[in-house]
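Each remark here refers to the structure printed beneath this line.
The values are calculated or read from the model by the stated rules, or taken from the named source; none is laboratory data. Everything numeric here is computed off the predicted structure, so don't read it as measured data. In this analysis, Cβ positions are derived from the backbone assuming ideal geometry, glycine residues included, and neighbour counts consider all displayed protein chains.
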Amino acid sequence: MRVIVCIKQTPSTTAVFSVENGIVSWDDPGDKPTVLNPWDEYAVEEAIRVQEAHGGDTVALTMGPESSQDALKTCLAMGCTEAILVSDDVFAASDTLGTARVLAAAIKKSGDAQLALFGKQAIDGDTGQTTIQTAQKLGWTPLTFVAEIKELDPEAGTITVVRLVEEGRETVKAALPAVISVVKEINEPRYPSFMGIRKANRAQIPVWTAADLELDGPPGSSKADWSEISALPARDTKVEIIEADSVEEQAKILVDRLFEEKVI
Amino acid sequence: MSGVWVWIEQFEGQMKAISQEMLGAGHTAAEGLSQPLTAVVLGHNVGALAQEAFDLGADQVLGADDPTLDQFRVEAYGPVLAGMARERSPQALIFGASTRGRDLAAWVAAELDAGLVADGIGLSVENGTLKVTRPVYTGKLQAEVFVTDGPQLVSLRGRAFAPAESTGGSGDAQWVPAAIGDVSTEIVNFESSAGTVSLNDATIIVSGGRGVGGPDGFAPVQELADVLSGAMGASRAAVDAGWIPYEYQVGQTGKTVSPDLYIACGISGAIQHQAGMRTSKVIVAINKDPDAPIFKLASYGIVGDLFKVLPALTAEFGKRLGS
Ligand SMILES: Cc1cc2nc3c(=O)[nH]c(=O)nc-3n(C[C@H](O)[C@H](O)[C@H](O)COP(=O)(O)OP(=O)(O)OC[C@H]3O[C@@H](n4cnc5c(N)ncnc54)[C@H](O)[C@@H]3O)c2cc1C
Ligand SMILES: Nc1ncnc2c1ncn2[C@@H]1O[C@H](COP(=O)(O)O)[C@@H](O)[C@H]1O
């Protein structure tokens, strides 16, 4: 069975941002300014587990700049068998729907996959929309916030998953092909192996451009204006450290303050 | 294009609190755009919800009532709502950014080929356009985003907008048939987490981190949460240690919460934890390390051992709240 895993390269979680004239840049105190989107690690792990259980290929797919090769290499090092980079200047301004169109077209072109796995959200835009929109464009079953794949039967074309929703856990039986976004609970992502890293470093990753895809709309479209972006207003608080002779006394003062704040 | 639509989310026939807030935000949008406010009710046997929406100030209610809409499934709800919108061309559609609301908004935007701004925490109207304030880069930056063309879809975060109030209004909902073909999913089981206060809805959250020292260390955290009728949360370090299930995790790779009061106990306040709780109204930190970064975010702090401070707080609250 062929499984696609859609991933994105994002700023690292410890990145420190600055904004000038609406242009965002960032620095990382460590030495890795960009990473495989942390949520996507769970999707990659799950894709590899599906492949281990059912055989076939696991294809890491991203739409992004040339530099996204790094994140794809991380996926190969973890155990994905193929990687595809979709990269074209015309895609640069895409909103999530523009991205979903490109991903849907690339998934179609890449072969007869039955499953496309996604992370819960990308930690740059934090929208969590791409999964559903890709499913809608592909006409595949959407299954979001998946915490467990309970059963997967490629022959019968069915899958049963557990989804996390606000009120509890929902078990859903669905028809393949499906687009799935996973939550952290689903697994513990593996570290790339030494052999994996060596293999990934030698890999030649194919690059597809807009011309290679059959898009059902203009490439790089966006209907959202993001130009006003700014640093977060600092929380205008200064901490009041409550000190007193006993914890009971401290507790009393704190409780007073919280009643004054009207949050109790 | 005309009209502001608010999708009314329900679970087992009850309107979700977030939808009252969306009706509140919907009033702002409708007033700013000088257009009527329509509540969209989807489900099965949901007539009462339509009346509730009128009472909460909707000018019109548009609904679809059908057994296939009994439980939320995006591939059933999505086409129905998109169909309604295609026929009636609303100018704006507002969704609560819950798991369902986010999925539904994304689906409808894809089907209508419309712009969507997700997970807003602020809303204003400028020259006929909804401007949404939203955190980006895990809450490290903030953006003002708007849809440039066509219907404007937005999803807005729970507990960020004041709920609409009862007006005593009533009316006749307009019900349209829900033409749904095959739906490729079936919900075969539901395991409710009822009984525990949901982190997303909680007005008070008490969270424990690595400082609680082990699974048993969550007992005093839970006791304080209980006396405040709040929910319990946790840091990733505590979840990763296996002391508490993932559902409780607050932060970048856990839940994003925005309670009135967030009490962090034995949590250092790593940037990834902050990403999930920094929009809380009042933050209290209890930590034995005076240099813990959480104190930079907090309004009030107690430097001390949580195993001494928490029982004292629980007792004091118990006294004041008469429980
Ligand atoms: C990609 C990524 C995603 C992440 N996502 C999240 C996330 O979603 N949520 C999250 O929380 N973290 C997340 N993290 C982890 C985060 O970086 C921190 O490691 C984590 O938040 C630390 O948890 P903690 O504060 O409980 O533990 P620590 O940092 O170890 O802090 C424990 C604190 O407890 C105090 N303490 C100890 N004993 C006591 C006592 N008896 N009384 C009072 N205080 C005491 C200590 O002084 C210390 O400040 C993520 C990290 C990465 C890399
Ligand atoms: N440019 C992209 N290329 C491939 N996958 C993506 C891209 N953007 C988003 N995704 C996938 O969609 C998920 C949700 O992203 P988002 O909607 O941007 O929050 C991510 O976790 C990825 O799995």
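The sole residue among A:22, A:79 that is away from ligand 2 (no atom under 13 Å from the Cβ) and more than 19 Å from the chain's Cα centre (by Cα) is A:22. Return a yes/no flag: does the stretch B:312-322 have any residue that is within 16 Å of ligand 2 (Cβ to nearest atom) and among the small types (Gly, Ala, Ser). No, because not a single residue in the stretch B:312-322 is within 16 Å of ligand 2 (Cβ to nearest atom) and among the small types (Gly, Ala, Ser).
Here residue A:188 qualifies as under 30 Å from residue A:147 (Cβ atoms), among the charged types (D, E, K, R) and surrounded by fewer than 13 Cβ atoms within 10 Å (Cβ to Cβ).
Of all residues in the stretch B:234-284, those satisfying the criterion of being outside any helix (DSSP H, G or I) and among the polar types (S, T, N, Q) are B:235, B:249, B:252, B:253, B:256, B:258, B:268, B:279, B:280. When each of A:102, A:86 is tested for being more than 15 Å from residue A:121 (Cα to Cα), within 14 Å of chain B (Cβ to nearest Cβ), modelled with pLDDT of 95 or more and crowded, with 23+ Cβ neighbours inside 10 Å, the lone residue that passes is A:102.
Say whether the condition of being polar (S, T, N, Q), within 30 Å of residue A:151 (Cα to Cα) and in contact (Cβ under 8 Å) with a residue 12 or more places away in the chain is met by at least one residue in the stretch B:163-182. No; the residues of the stretch B:163-182 include none that is polar (S, T, N, Q), within 30 Å of residue A:151 (Cα to Cα) and in contact (Cβ under 8 Å) with a residue 12 or more places away in the chain.
What residue, of B:238, B:275, is surrounded by 22 or more Cβ atoms within 10 Å (Cβ to Cβ) and within 16 Å of ligand 2 (Cβ to nearest atom)?
Only one candidate passes the filter, namely B:275.
Evaluating residue B:205 against the criteria (1) touching a residue at least 60 places away in the same chain (Cβ under 8 Å); (2) touching a strand residue (DSSP E or B) at 6+ places or on another chain (Cβ under 7 Å); (3) outside any strand (DSSP E or B) leaves one unmet condition, (3). Within the stretch B:126-139, the set of residues being surrounded by 18 or more Cβ atoms within 10 Å (Cβ to Cβ) and in contact (Cβ under 8 Å) with a residue 40 or more places away in the chain comprises B:130, B:135, B:138, B:139.
When the stretch B:211-235 is examined, which residues are found to be of a type in the set (Val, Ile, Thr) and either buried (at least 22 other Cβ atoms within 10 Å of the Cβ) or near ligand 1 (Cβ under 9 Å from one of its atoms) (or both)?
B:212, B:221
Scanning the stretch A:35-57 for residues that are under 17 Å from residue A:197 (Cβ atoms) and of a type in the set (Val, Ile, Thr), we see that the one that is farthest from ligand 2 (Cβ to nearest atom) is A:48. Among the residues of the stretch B:252-266, are any modelled with pLDDT under 95 and either aliphatic (A, V, I, L, M) or more than 16 Å from the chain's Cα centre (by Cα) (or both)? Yes, the conditions are met somewhere in the stretch B:252-266. Number of residues in the stretch B:179-194 that are surrounded by fewer than 12 Cβ atoms within 10 Å (Cβ to Cβ) and assigned to a loop (DSSP other than H, G, I, E, B) equals 4.
Can you go through B:111, B:87 and tell me which one is in contact with a helix residue (DSSP H, G or I) (Cβ under 7 Å, 6 or more places away or on another chain) and more than 16 Å from ligand 2 (Cβ to nearest atom)?
Just one listed residue meets the conditions, B:111.
For the stretch A:109-147, a residue qualifies if it is within 16 Å of ligand 1 (Cβ to nearest atom), at the interface with chain B (Cβ under 7 Å from one of its Cβ atoms) and of a type in the set (A, V, I, L, M, F, W, C), and the qualifying residues are A:123, A:145. With a requirement of 3 or more residues that are at pLDDT 95 or above, within 16 Å of ligand 1 (Cβ to nearest atom) and crowded, with 16+ Cβ neighbours inside 10 Å, none of the strands (runs of 3 or more DSSP E) lying completely within the stretch A:1-70 satisfies it. Restricting attention to the stretch A:170-185, the residues that are facing chain B (nearest Cβ under 7 Å), buried (at least 21 other Cβ atoms within 10 Å of the Cβ) and at pLDDT 95 or above total 3. Take the conditions (1) surrounded by fewer than 24 Cβ atoms within 10 Å (Cβ to Cβ); (2) near ligand 1 (Cβ under 9 Å from one of its atoms); residue B:264 misses just one of them, which is (1). Against the list (1) more than 7 Å from chain A (Cβ to nearest Cβ); (2) of a type outside the set (A, V, I, L, M, F, W, C); (3) within 21 Å of residue A:164 (Cβ to Cβ); (4) surrounded by fewer than 20 Cβ atoms within 10 Å (Cβ to Cβ), the condition residue B:289 fails is (3). The sole residue among B:291, B:305, B:260 that is without any contact (Cβ under 8 Å) to a residue 12 or more places away in the chain, away from ligand 2 (no atom under 16 Å from the Cβ) and at negative phi is B:291.
Residue-wise test of (1) more than 8 Å from chain B (Cβ to nearest Cβ); (2) in a loop (DSSP other than H, G, I, E, B); (3) within 27 Å of residue B:145 (Cβ to Cβ).
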site	(1), (2), (3)
A:189	yes, yes, no
A:198	yes, no, no
A:218	yes, yes, yes
A:221	yes, yes, yes
A:228	no, no, yes
A:249	yes, no, no
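Residue pairs whose Cβ atoms lie under 9 Å apart, sitting 6 or more positions apart in sequence or on different chains, and linking a residue in the stretch A:154-182 that is closer than 19 Å to residue A:130 by Cβ to a partner that is basic (Lys, Arg) and surrounded by fewer than 22 Cβ atoms within 10 Å (Cβ to Cβ), are A:161/A:150; A:161/A:173; A:163/A:169.
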